[in-house]
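Colleague: Here you go, one structure.
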Amino acid sequence: MRKKIMLVAALAGILSLGACVDDKESASVEAIRNAKAKQLEALATKYNAEAEAALIYANADKAIKEAEAAYKRAEAEAMQAEADQQKLLLDKAKEMYALEIEAAKAEAQAAIAKAKKEAQEAEQALLDAADERIAELYNVYAREAGILSDLNRQLLNEKTTLKGLQADLVQAEAYVKQQTIIHNNTIAQKTALLDALKALPANDRAELEAKIEGYNAELKPLYAEVAVKNDAYTKANDAYSDAREDLLPYYGSTSSVKLIEAVKTLRNDYSYSLITYVDYDLTDNKSIDQYSLVQNRVTSIKNSLTSNTVYYKEILGAATVGTTPATGVYVGLEARQDAYKAALDTYNADKTEGNRYAMEAAKAELERYQANELANAKQDLEDANARLAEFNALVATFTGADLTAYNTALADLKKLAEAYEAAEDALNEVYNKISDINDLKNSVSGILAGTTDLPKEIATAELAIATAEQAIANLRSVSDKETAIAYAEEEIAILEAKIAAKKIIVAKAKAALDAALK
């Protein structure tokens with residue numbers, strides 16, 4: 001390329017001899033300058049997208065750590081509460097923690113989809129304007145940066161799962177199933193890569209270049225598909241999260257489901273032990289508490305509330321009717337009425353200062369009694385009746401139409417959870433296709449650039465398959481929470497080590513590409 005540029009410059013010089021000096025650059029020089037500008041602009045966009053992806057993962061990690069810190073603070077505060085409230089606060093903290101780490105993961109997934117699409121568009125712009133050497137160096141960089149991005153995504157998922165295990169949001173059995181699926185996917189992907197690598201024509205440059213063009217053609221619609229699948233994933237996640245939150249009986253939010261509002265009031269205003277719950281499985285990985293009444297506690301509290309109404313009714317009593325004498329507070333009321341009437345009669349008969357004072361004192365005592373003892377007795381009975389009526393109404397939400405509405409809401413949430421996971425799987429499926437094609441494309445590019453040893457590449461794929469198979473075998477021994485946590489922590493340590501090493505490789509590939517573009 002350098003010789004061609006020099007030849008063009010020499011010819012331009014010969015043709016210009018004897019002619020007027022022209023400050024304008026030749027068309028070929030301007031074309032080279034423009035091509036280089038396009039390369040640098042596209043590469044800057046690509047680098048920005050990669051940097052944005054790194055920031056997204058860092059922010060997601062930070063959000064998860066903040067959610068964990070908030071959960072631990074809530075746990076500590078809950079331990080200071082009384083027994084009934086303690087259970088309520090711990091349940092609330094756990095459910096909020098689950099929603100927050102799920103939201104952090106979903107937000108990162110959506111943001112990464114956007115960044116990857118922008119990076120792919122920049123990549124195509126760069127390759128369209130690049131010469132052979134730049135393209136080769138770029139493909140080396142893109143391959144290593146892509147691997148780093150996948151490792152970061154795996155790390156985020158593993159960290160999210162670990163937090164779930166530690167907080168009892170994810171059970172060991174579900175973790176084993178989830179990890180087995182991941183490793184089986186790796187085996188399938190690497191087996192396909194291995195077969196493709198073995199079929200590569202290592203010495204046929206034209207055919208290898210044609211394969212790269214074919215890979216690029218396959219990638220273009222897949223990146224367009226990412227945008228569509230990501231939009232569906234985001235909407236499914238929002239719908240699931242909103243519906244789930246509507247079925248959580250915690251203060252600070254209002255549920256549209258009457259039974260959930262009843263759970264809140266019964267737990268907080270009557271007794272936490274009135275409500276029991278079981279796991280309602282939404283998917284293999286997700287569940288939510290399904291609430292019901294503890295009937296013997298309902299009977300006990302209802303009897304107690306009924307007894308209160310009887311007690312306060314007896315306290316209030318009734319006025320004299322015919323030959324039936326007054327009872328309760330009315331005994332004292334009628335005594336004060338009689339005393340006031342007698343004092344008034346005496347004063348009317350003999351209006352001395354002493355009689356007036358006695359009459360006013362009797363009247364004041366009657367009014368005081370009416371405003372206090374009588375009014376309080378009436379209010380106490382009214383409150384007792386209202387509390388019993390409220391309790392009966394709350395209990396009634398666990399039957400009939402209200403119970404049907406609750407069960408329907410649970411069934412709808414199950415569908416939304418399934419749709420959410422299906423949308424996530426569909427998005428990941430596209431990512432996996434892109435990753436598979438990029439693996440092949442980058443291997444071919446490496447062979448063309450002389451940076452990839454095909455036998456070594458084949459051996460690496462074989463090692464990845466063997467490692468995944470061993471991981472599945474190791475998972476068979478994971479049967480409880482503690483073992484699952486230890487396994488997840490080991491996976492995280494391995495991923496972090498791989499990421500640290502890969503960052504160095506990416507930096508070197510980036511430096512080589514930058515140097516070539518200067």
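The values are calculated or read from the model by the stated rules, or taken from the named source; none is laboratory data. Only a predicted model underlies this, so the values are computations on that prediction, with no experimental measurement involved. Methodologically, a virtual Cβ is constructed for each residue, glycine included, from the backbone with ideal geometry; neighbour enumeration extends over all protein chains shown. For the accessible areas, the whole protein counts, side chains as well, though only heavy atoms, and no ligand, DNA or RNA atoms are used. Shrake-Rupley method; radii C 1.70, N 1.55, O 1.52, S 1.80 Å.
Colleague: Which net charge results for the neighbourhood of Ser304, defined as the other residues with beta-carbon distances under 13 angstrom from its beta-carbon, given Lys and Arg at +1 and Asp and Glu at -1?
Modeller: On the way: positive: Arg297, Lys302, Arg387; negative: none.
So the environment of Ser304 carries a net charge of +3.
Colleague: Which shape class, rounded, prolate or oblate, goes with region 415-467 when its Cα gyration tensor gives a ≥ b ≥ c as root eigenvalues, a/c under 1.5 marks rounded, and past that a/b bigger than b/c marks prolate?
Modeller: Oblate, since a/c reaches 1.5 and b/c is not below a/b.
Colleague: Greater than 18 Å separation of Cα atoms is the criterion. Which listed pairs, Lys341/Lys363; Lys72/Lys163; Lys114/Lys508, meet it? Don't skip to the end; give the middle numbers.
Modeller: Values: Lys341/Lys363 9 Å; Lys72/Lys163 12 Å; Lys114/Lys508 26 Å.
Result: Lys114/Lys508 exceed 18 Å.
Colleague: Around Ala488, what is the net charge, scoring Lys/Arg as +1 and Asp/Glu as -1 over all other residues with Cβ under 10 Å from its Cβ? Walk me through the numbers before you get to the answer.
Modeller: Details: positive: Lys159, Lys163; negative: Glu158, Glu489, Glu490, Glu491.
After counting each charged neighbour, the total is -2.
Colleague: Enumerate the calculated ³J(HN,Hα) couplings along region 329-340 in order (Karplus 6.51 cos²θ - 1.76 cosθ + 1.60, θ = phi - 60°), each rounded to whole Hz, writing x wherever the residue is Gly or Pro.
Modeller: Rounded to whole hertz, the list is 4, 5, 4, x, 5, 5, 5, 6, 5, 5, 5, 5.
Colleague: Using a cut-off of 12 Å between beta-carbons, work out the net charge of the residues near Leu394 (Lys and Arg +1, Asp and Glu -1, Leu394 not included). If you can, show how the numbers build up before the last one.
Modeller: Working: positive: Lys258, Lys264, Arg267, Lys302, Arg387; negative: Glu261, Asp269, Glu390, Asp402.
Result for the neighbourhood of Leu394: +1.
Colleague: Solvent-accessible area of Glu491, probe 1.4 Å, all protein chains present, reported in Å² to the nearest ten, please.
Modeller: About 40 Å², ignoring ligands and nucleic acids.
Colleague: Next question. For region 147-233, what does the convex hull of the Cα positions come to per residue, in cubic angstrom? Kindly include the intermediate steps, with their values, before the conclusion.
Modeller: Values: hull volume 10.7 nm³, N = 87.
That works out to 124 Å³ per residue.
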